[in-house]
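The values are calculated or read from the model by the stated rules, or taken from the named source; none is laboratory data. Here the structure is a predicted model, which means the values were calculated and not measured. We place every Cβ from the backbone using ideal geometry, glycine too, and count neighbours over all the protein chains shown.
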Amino acid sequence: MKTRNKKFYITTPLYYVNAAPHIGHSYTQIATDAVSRFRRICGDEVFFMTGTDEHGEKIERAAIENGFKKGEEKRFTDSIIPNFKKLWKDLNIDYDFFIRTTDDYHKETVKFILDKIYKSGDIYKGEYDGWFCVPCEMFWSHTQAEDKVCPDCKRPLNSIKEANYFFKLSKYQDWLIDYIDKNPDFIMPDYRRNEVVSFLKGNKLNDLCISRSKKRLSWGIELPFDKEYVTYVWFDALTNYISGPGVLNNKKRFKKLWPAEFHMIGKDILRHHAVYWPIMLHAVGIEPPRTIFAHGWWTTKGEKMSKSKGNIIDPYYILGKYPVDSYRYFLLKEVSFGLDGSFSEEALIRRFNSDLANDLGNLLNRTLTMVEKYFASKVPACSKKNGPCQEAAAAMAGRIEESMDRLNFSETLSAIWAFINRSNKLIEVRAPWKLNKEGKQDELAQLIYELVEVLRIVTIAVYPFMPASAENMWGQLGLKDFAKINFNDIKKFGLVKSGTRINKGAPLFPRIKQ
Ligand code: MSP
């Protein structure tokens, strides 16, 4: 297990505000939230930052399509931000800081970084002759886009031939290859690292065009050394990871937080994060983040879910029908974090009924019913508090720590569910109803006590993934101080006080009829 009890800075990408967030966006948020909550209950001081990417041609176009005039883009983005914040609240995303690329401190930081790189000689003026994809906000060379469509999204490209500014990426190519080699955790999972390494070893990096002429686009941050240009939206957006903690305006906080432990991103923006970003940082003398973790895509019918493909699923459609925690659980359990997954409502219902209603819901319900029935709703006293579940709980704790360090949520949840199902089996094997009939009171009390302890432990274990359900379970178990739950308490057995009055409520996950 990696060292705990330290600062933990984790980020999400900044979302484009041209449209409402969909399932793909909510995925990065939920994953980041689960990691943050896990680290918090492990004792880390977490700084979870998210936000919005608001400049560039794509947003300018969206503003105009939505009836705003040129010059009114900020009014447009202001009108969209509440949708994002509302969804994050409804998904229980507990972030610490929300950054907008239109915030003044951010704009000042971008200018500062540009100026610094310009003065050091790593930005130069040249002729750009190539293509630009507005939906992807990407420059493509003639050789990369021979058929005049975007190699990523296959949409038509705009031709650009004009004087522009370039950042000397190529100068740092060897440094980056060496850096990745020496820091195997810099890009995760390893199959994504291999992709970046083979790209870097097999291609000569082109210098990066980092400006857009104001003749074409004015919605952006002006270059500090040439007022005829704004900066390229990716140069602007990537800088958020250091402007947010305050590289310019809150040096004390920045010093404490940087380098970030994790930049959580989708695989489509890996190159920007794993190539452009570390080189930008290196050029200004700041060390790279510790890990860039690229997850896969949610697809529908085999295609990436995206607004332009018209195949998005609105998270509110799901939230309108199913509890928020079943949505969070499904996304993190269904696929190994890093790989693609196919989203379907049927699959969500299947998971809900088997894992949540059947396994977890039943364990809670049966145990509390027995406390109610055999012990007048009070956790029984017993002569021996540590049964066979203690060892299983400790083994589960180890598996959780190990898999959470690799952000393999699906594996973490499997470890928790193995523990849940082991306990369900224990009920079948030990048959408490028989113990009761045969008057074996102490044996019965021991078993029920152990099951209550199992549920206390399971509640802590599922909390990062299903915080609302965990709070509900904690309350039903009659436990107090939910805000103080602690991961280390998973490793302890016998913490629930005998005599605690349980508070059995309605079933947590009533089965969904199909
Ligand atoms: N604005 C840039 C990021 C700048 S970060 C300095 C951007 N924004 S985005 O809104 O298009 O995408 C944000 C995130 O959502 C990306 O990590 C992307 O991978 C993720 N997803 C968008 N569609 C997705 C799926 N269908 N499935 C999973 N995640 C996907 O890129």
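Only one of (1) under 26 Å from the mean Cα position of the chain (by Cα); (2) farther than 21 Å from residue 102 by Cβ; (3) in contact (Cβ under 8 Å) with a residue 12 or more places away in the chain fails for residue 194. Which number is that?
The single condition residue 194 does not satisfy is (3).
Checking residue 167 against (1) in contact with an Asp or Glu (Cβ under 7 Å, 6 or more places away or on another chain); (2) more than 23 Å from residue 270 (Cα to Cα); (3) modelled with pLDDT of 95 or more, which single condition isn't satisfied?
The failed condition is (2).
Determine whether residue 6 is surrounded by fewer than 20 Cβ atoms within 10 Å (Cβ to Cβ) and either over 30 Å from residue 299 (Cβ atoms) or touching a Phe, Trp or Tyr at 6+ places or on another chain (Cβ under 7 Å) (or both).
Working: surrounded by fewer than 20 Cβ atoms within 10 Å (Cβ to Cβ): yes; either over 30 Å from residue 299 (Cβ atoms) or touching a Phe, Trp or Tyr at 6+ places or on another chain (Cβ under 7 Å) (or both): yes.
Here the answer is yes, as residue 6 does meet what is asked.
Among the residues of the stretch 345-363, which ones are among the aliphatic types (A, V, I, L, M) and surrounded by 15 or more Cβ atoms within 10 Å (Cβ to Cβ)? Before you say what the answer is, go through the steps one by one.
Residues of the stretch 345-363 among the aliphatic types (A, V, I, L, M): 347-349, 356-357, 360, 363.
Across the stretch 345-363, the qualifying residues are 348, 349, 356, 357, 360, 363.
Quick check: is even one residue across the stretch 466-478 over 30 Å from residue 402 (Cα atoms) and either of a type in the set (Gly, Ala, Ser) or modelled with pLDDT of 95 or more (or both)?
yes
Which ones in the stretch 478-502 are part of a loop (DSSP other than H, G, I, E, B), in contact (Cβ under 8 Å) with a residue 60 or more places away in the chain and not aromatic (Phe, Trp, Tyr)?
478, 485, 486, 494, 496, 497, 498, 499, 500, 502 - these are the residues of the stretch 478-502 that are part of a loop (DSSP other than H, G, I, E, B), in contact (Cβ under 8 Å) with a residue 60 or more places away in the chain and not aromatic (Phe, Trp, Tyr).
Residue under question is residue 232, and the condition is that it be over 24 Å from the mean Cα position of the chain (by Cα) and within 13 Å of the ligand (Cβ to nearest atom); does it hold?
Yes: the conditions hold for residue 232.
What are the residue pairs meeting all of these: first residue in the stretch 251-277, first residue hydroxyl-bearing (Ser, Thr, Tyr), second residue near the ligand (Cβ under 8 Å from one of its atoms) and assigned to a helix (DSSP H, G or I), Cβ atoms under 7 Å, and 6 or more apart or on different chains?
Listed by first residue and then by second, the contacts come to 276/234; 276/238.
Listed here are the residues, each with its yes/no results for (1) of a type in the set (Asp, Glu); (2) more than 15 Å from the ligand (Cβ to nearest atom); (3) assigned to a loop (DSSP other than H, G, I, E, B); (4) more than 23 Å from residue 486 (Cα to Cα).
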| position | (1), (2), (3), (4) |
| --- | --- |
| 18 | no, no, yes, yes |
| 33 | yes, no, no, no |
| 61 | no, no, no, yes |
| 75 | no, yes, no, yes |
| 83 | no, no, no, yes |
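Quick check on my filter: what residues within the stretch 129-166 are in contact (Cβ under 8 Å) with a residue 12 or more places away in the chain, within 16 Å of the ligand (Cβ to nearest atom) and in a loop (DSSP other than H, G, I, E, B)?
134, 135, 136, 137, 150, 152, 153, 155
Exactly one of (1) assigned to a helix (DSSP H, G or I); (2) free of Cβ contacts under 8 Å to residues at least 12 places away in the same chain is unmet by residue 67. Its number?
(1)
Please go through the stretch 304-335 and give me each residue that is of a type in the set (Gly, Ala, Ser) and either away from the ligand (no atom under 15 Å from the Cβ) or at pLDDT 95 or above (or both), ordered by number. Steps first, please.
Pass one, the stretch 304-335, residues of a type in the set (Gly, Ala, Ser): 306, 308, 310, 320, 326.
Listed by number, the residues that qualify are 320, 326.
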